[in-house]
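Notes follow the structure.
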Amino acid sequence: MSTARDIERSMLERCLQIATTPGDVPRDQAEANVCRLAGMIVDGRYPEAGKRLSDAATTYFTDHPEQQVPSAEVVRRGWIINAPRLRERLERLLAGVVGVSS
């Protein structure tokens, strides 16, 4: 059974992959909603990564509009622990990646 931290770690890895891999898109509802939220919260410091995350989520929701949920629901469903923690951890990961502008 996965813990909340295991789920968060998996979501962070997918966000990093999507943010740094042009054309990569979320595979499911959870990834798409986390990417949408992550795109909004890292956009100020990492605009290129934020745009890729947001665009990837938008692409997913074009085919599955009923699967988009409010940002607070992303936390309630346990896909992330909380938004500030997502920002801190994802920005730390993005800082270590070459080619992601800050």
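Screening the stretch 41-51 for residues that are charged (D, E, K, R) and more than 17 Å from residue 85 (Cα to Cα) and picking the one that is most open to solvent (accessible area, probe 1.4 Å) gives 51. Determine whether the stretch 52-63 contains at least one residue that is in a helix (DSSP H, G or I), crowded, with 18+ Cβ neighbours inside 10 Å and basic (Lys, Arg). There is at least one residue in the stretch 52-63 that is in a helix (DSSP H, G or I), crowded, with 18+ Cβ neighbours inside 10 Å and basic (Lys, Arg). Out of 5, 77, one residue alone is out of contact with any helix residue (DSSP H, G or I) (no Cβ under 8 Å at 6 or more places or on another chain) and either of a type in the set (Ser, Thr, Tyr) or open to solvent by 70 Å² or more (accessible area, probe 1.4 Å) (or both). It is 5. When 44, 78, 23 are checked against the criterion of being in contact (Cβ under 8 Å) with a residue 24 or more places away in the chain, of a type in the set (Gly, Ala, Ser) and not in a helix (DSSP H, G or I), a single residue qualifies: 78.
The values are calculated or read from the model by the stated rules, or taken from the named source; none is laboratory data. Computed from a predicted structure; not experimentally measured. Cβ: placed from backbone, ideal geometry, glycine included. Neighbour counts: every protein chain shown. The area values use the complete protein model at the heavy-atom level, side chains included, leaving out ligands, DNA and RNA. Shrake-Rupley method; radii C 1.70, N 1.55, O 1.52, S 1.80 Å.
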